[in-house]
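The values are calculated or read from the model by the stated rules, or taken from the named source; none is laboratory data. Keep in mind it's a predicted model, so treat the numbers as computed, not measured. Glycine gets a Cβ as well: all are built from the backbone with ideal geometry, and neighbour counts include every protein chain shown. Note: areas computed on protein heavy atoms with side chains; ligands, DNA, RNA excluded. Shrake-Rupley method; radii C 1.70, N 1.55, O 1.52, S 1.80 Å.
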Amino acid sequence: MQTLIGNLRYAVRQLWRARTFTIVTILTLTLGVGANTALFSVVQAVLLQPAGVDHPARVASFHARYIQLNLPSIGVSAPDFADAVSQSSIVESGAMVQPNTFNATFAGRTQHLRAGMTTWQWFQVFGARPILGRTYVAEEDQKGANQVVVLSYATWQEFFGGRHDAIDQSLLLDGKSYRVIGVMRSDFDWPRNEQMWIPLGLTSRDYDLSNRFNESYNSVLRLRPGASVTQLNAALEQKRLEEIRREGTGSFGLSSEWGMFAQPWTEDAAGDLRKPLIALFAVVAMILLIACANISGLMLARASTRTRELAIRTALGASLKQITAQFVTETMLLAGTATLIAILSGPALGRLLLLAIPHDLAAGFAVQSSVGLVMMAAAFGLVTALLSGLAPILEVARSYQELRLTEQSKSATAGPTRQRFRSLLVTAEIALAFLLVAGAGLFLSSLKELQNVAPGFSSTGVLTGSVTLNASNYRDQPGIDRATKEANFVKNVTSRLSEQPGVVAAAAVYPLPFGKGQYPSSSFEIENRLQKPNDPGPHSDDRQTTPGFLRAMQIPLLSGRWFTEEDRTGHPRVAVVDDMLARAYWPGQNPIGQHVRGGSNSPWVEIVGVIGHVRRDSLEMDENKGVIYTPMAQQPVDEAAFVVRTTIAPDAMRATLAEAVQTADSAEAVYDVHTLESLVNDSLAARRLLVGLLTLFGGLALLLASIGIYGLLSFTATQRTTEIGIRMALGAQRWQVVALILRQSFTLIGIGIVAGLMLTFLVQRILTHTFAAMNTGMSGSMLLAGFSLLLVAALAAALPANRSAGVDPVVALRNE
């Protein structure tokens, strides 16, 4: 203990004497450890320990898939869910959810609310407990008995001002009275952005095997302690095989390669943030490596200046173990101080980083201090101490037998081995900095390329807003059916909007391309076309629209006709397909005049036109194979998104849109009002976030690399003072001395850039399999990275080179 205390005292004195070295070292290490700690705090909040969930590692999300239909991960049916929860030795509890919306009437005003319609064990699966009241029980999750509601914390505050007497109060939702029984904690937000939870109220008929392939729900499962997702998937595979055998040869499940699978729930919860966070974690790890290389070089340089001190200690009897222990103590003291700063600042920086993430991506996540975060920061600090301190410690151990006072007092010039190793460290820094700067450029160019992807429509000058129709007001009544009432409402709104000054066209659609809702899809039949063996049949996305849709969205009509006002109930059923679907199922043919239907009990629908393909919800990838459009007036709709193309600023039409909806039906409320352009741009939010943070970290890498170059050349110039003095005494000019110093720096820079270029080509090919629009080959971003490094390195090298050229030969030789 006394030895340790003595080493600490001596280390503090030594570091205090070299205050500039100490400050630079701690700041550099803090940048590396702090960046990793801050990002890990976000990774923990998003990927490992989302707020409000108890033991998230035991929660799994449950999905169905159809390989032959190119549906790798979709929702589940009630029979699928029953199969999963029947694995009682693996699954502790399970629940399903179906997103819904309601028009809430409270205190004389109508407001749209998003609701999660869940089975009663939803909260138990997540281990979520209410802050007030209770959650619903099995008896309340029954059809006709599910008139209770659990509010989110934000909805409780908005509607009841946070009053405790909200329990047992009534809310009028779509004309029905629901009793408030509970309020959830503010940190529980699953499904994300839901404002309340209501029992789903399924019946035994919903679980009938005839509903096997009707995937209407999302599902989560809590595994028993010790159980794994792998075990569950093995059990689900047995259930799949049982279902295939039950269906028999030629079944839809077999031909479509249907299956069920589970995966860690955190993978689904992270959503579009998962890939950027993993990429950024690799980036900050490189920042840490650069920082460690910097400090390792600085400590090697400082060790070279301490040879006289070490020789004296050796002569006085200090052992290799004692000298090594002293260096370890100094290294741990520096790394420990940087780690402590990172632990204190990491969560705050993580919260700032989370604030920089677009709200739609970051909603439901919260950065919190935890034991795990402290332990991870400590691990980063330990790794940093090892990486930055190992080289000087090994160098001291290697040269221990050479430490002789008589020899070391002659010159403090570093040996060639030390110099080569320091040069290697700087070269590695440059290579990693090149990779980060070039990577930021690659993602920036990919972002620009994606921004130029045509979604299939023109998004400029369009305002959108959604309405969910109050079910109680649009039920079938004597003399008028539901479809007619809903069609009249939609027509009323679009007609009022079309009459407004500046409006070019107005229409309604469900679902809205690039909207925030779900995108229904289904299998269909083609008249007079026999289904081949092991062929699951055609499949498409479904979209309902009104006659003005093409003009409002500026989608091209390729052949045939679009819908008219005559395409309504009581008239022949019609449909329009996009060119992607036409190429898939009528290659080289004209689909107009063909007939399709959704199932054997559905009427045949005639295809009357072909339009251009519209992307569903992403500029990065086009997942849908094609779309069948049907007139909204020929079938009931529960939800409609209105699109208004205008010659004036779209945002100026917000009040006009709300007024048109209220005039058509005062019980309805418009929500999710956005410009279509903003919705398209939001689809690239994750990529834009990645570009911004990569640019920031690339700049940090450049800064650290420049510090490394400056430190190496400054030390080298100091060591070569005598040589430079002799050269100048023999007639060397100032510019020749500067060129001599710069030649060394540009050699290192050149080697580093070549190594960074090779590394970038390797990483670039890996990224093409993960991120869209990542082009391979030489690019402008690589040239920019090389130029940036050359410029920064030149500036970093110029100062020590200029200072060396100003050496007075007489002074230099006298000091020798």
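Tabulated data for the structure shown
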{"read-out": "Count of residues meeting criterion [at pLDDT 80 or above, open to solvent by 20 Å² or more (accessible area, probe 1.4 Å) and small (Gly, Ala, Ser)] in the range 264-279", "value": "1"}
{"read-out": "Selection count where residues are β-branched (Val, Ile, Thr), open to solvent by 20 Å² or more (accessible area, probe 1.4 Å) and either touching a residue at least 24 places away in the same chain (Cβ under 8 Å) or in a strand (DSSP E or B) (or both), scope the range 102-156", "value": "4"}
{"read-out": "Inter-residue pairs, beta-carbon under 9 Å, first farther than 17 Å from Leu387 by Cβ and in the range 315-335, second at pLDDT below 75 and outside any helix (DSSP H, G or I), 6+ apart", "value": "Ala315/Leu403; Ala315/Arg404; Ile323/Leu403; Gln326/Ala318"}
{"read-out": "Residue in the range 163-179 that is out of contact with any strand residue (DSSP E or B) (no Cβ under 7 Å at 6 or more places or on another chain) and open to solvent by less than 20 Å² (accessible area, probe 1.4 Å) present", "value": "no"}
{"read-out": "Test result for Thr760, at pLDDT 60 or above, surrounded by 12 or more Cβ atoms within 10 Å (Cβ to Cβ), polar (S, T, N, Q) and under 15 Å from Leu436 (Cα atoms)", "value": "yes"}
{"read-out": "Given (1) under 25 Å from Gly226 (Cβ atoms); (2) buried (at least 24 other Cβ atoms within 10 Å of the Cβ), index of the condition Gln49 fails", "value": "(2)"}
{"read-out": "Residue check for Leu39: out of contact with any Phe, Trp or Tyr (no Cβ under 9 Å at 6 or more places or on another chain) and of a type in the set (A, V, I, L, M)", "value": "no"}
{"read-out": "Breaking point among (1) open to solvent by 20 Å² or more (accessible area, probe 1.4 Å); (2) modelled with pLDDT under 90, for Leu442", "value": "(1)"}
{"read-out": "Close pairs from the range 621-641: first more than 27 Å from Trp586 (Cα to Cα), partner modelled with pLDDT under 90 and of a type in the set (Ser, Thr, Tyr), Cβ under 6 Å, at least 6 apart", "value": "Glu639/Thr468"}
{"read-out": "All positions within the range 522-547 that are open to solvent by less than 20 Å² (accessible area, probe 1.4 Å) and over 14 Å from Leu69 (Cβ atoms)", "value": "Ile526, Arg543, Thr545, Thr546"}
{"read-out": "Subset of the range 215-235 (residues that are within 19 Å of Trp258 (Cβ to Cβ) and without any contact (Cβ under 8 Å) to a residue 24 or more places away in the chain)", "value": "Ala234"}
{"read-out": "Counted residues, the range 241-251 - those being open to solvent by 50 Å² or more (accessible area, probe 1.4 Å) and without any contact (Cβ under 8 Å) to a residue 40 or more places away in the chain", "value": "6"}
{"read-out": "Residue check, Thr656 part of a strand (DSSP E or B) and over 32 Å from the mean Cα position of the chain (by Cα)", "value": "no"}
{"read-out": "Sole exception among (1) at pLDDT 75 or above; (2) of a type outside the set (Val, Ile, Thr); (3) open to solvent by 20 Å² or more (accessible area, probe 1.4 Å) for Ala397, by number", "value": "(1)"}
{"read-out": "In the range 78-113, residue farthest from Val661 (Cα to Cα) [restricted to those that are polar (S, T, N, Q) and within 28 Å of the chain's Cα centre (by Cα)]", "value": "Gln98"}
{"read-out": "Gly34 vs. criteria in a helix (DSSP H, G or I), touching a Ser or Thr at 6+ places or on another chain (Cβ under 7 Å) and either open to solvent by less than 10 Å² (accessible area, probe 1.4 Å) or under 22 Å from Leu273 (Cβ atoms) (or both)", "value": "yes"}
{"read-out": "Residue check for Arg568: surrounded by fewer than 22 Cβ atoms within 10 Å (Cβ to Cβ) and over 19 Å from Pro520 (Cα atoms)", "value": "yes"}
{"read-out": "Residue list for the range 192-235, filter: assigned to a strand (DSSP E or B) and of a type outside the set (D, E, K, R)", "value": "Met196, Trp197, Ile198, Pro199, Tyr217, Asn218, Ser219, Val220, Leu221, Leu223"}
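For every residue, the table says whether it meets (1) aliphatic (A, V, I, L, M); (2) part of a helix (DSSP H, G or I); (3) over 30 Å from Thr760 (Cα atoms); (4) free of Cβ contacts under 8 Å to residues at least 24 places away in the same chain.
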position	(1), (2), (3), (4)
Gly253	no, yes, yes, no
Phe261	no, no, yes, no
Ala269	yes, yes, yes, no
Leu273	yes, yes, no, no
Ala279	yes, yes, no, no
Ala285	yes, yes, no, no
